[in-house]
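First up is the structure itself, then whatever we jot down about it.
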Amino acid sequence: MDSIRYYVVQVDERYYQGEIDFLTFTDDEEQAFAFTDIVAANQLANEVKGIVLTREVSYKELEDFSAQYLVEYEALPKEERDTIESFCRDLSIGMFE
């Protein structure tokens, strides 16, 4: 398997993105929430009267994104990196409580 399959939920011409800045949907599929569980994607699609779209991303593409984002991350001011790292630590700890 050279790629990872994921699912996005589409409603009309918009995509579910979760609760980001009080917006639940986006016009940009690239900003859509990526489900890895088809059951969860179908449950949400039923709730919002949408459909589930199957997508795939190659491991090579993920590696390329990782390298690009690492360069962008390292270019951030130290305060911003510290804020991101603190948020990620809190998020990670919250997942195990």
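Provide a single number: the residues in segment 3-26 that are touching a strand residue (DSSP E or B) at 6+ places or on another chain (Cβ under 6 Å) and either modelled with pLDDT of 95 or more or open to solvent by 30 Å² or more (accessible area, probe 1.4 Å) (or both).
11
Among residues belonging to segment 27-50 that are in a helix (DSSP H, G or I) and within 10 Å of the chain's Cα centre (by Cα), point out the one that is surrounded by the fewest Cβ atoms within 10 Å (Cβ to Cβ).
Only one residue fits best here, namely GLU30.
The values are calculated or read from the model by the stated rules, or taken from the named source; none is laboratory data. From a predicted model like this one, the values you see are computed outputs, not experimental measurements. Reconstructed Cβ throughout: ideal geometry from the backbone, glycine too, with neighbour counts over all protein chains shown. With ligands, DNA and RNA removed, areas are computed over all heavy atoms of the protein, side chains included. Shrake-Rupley method; radii C 1.70, N 1.55, O 1.52, S 1.80 Å.
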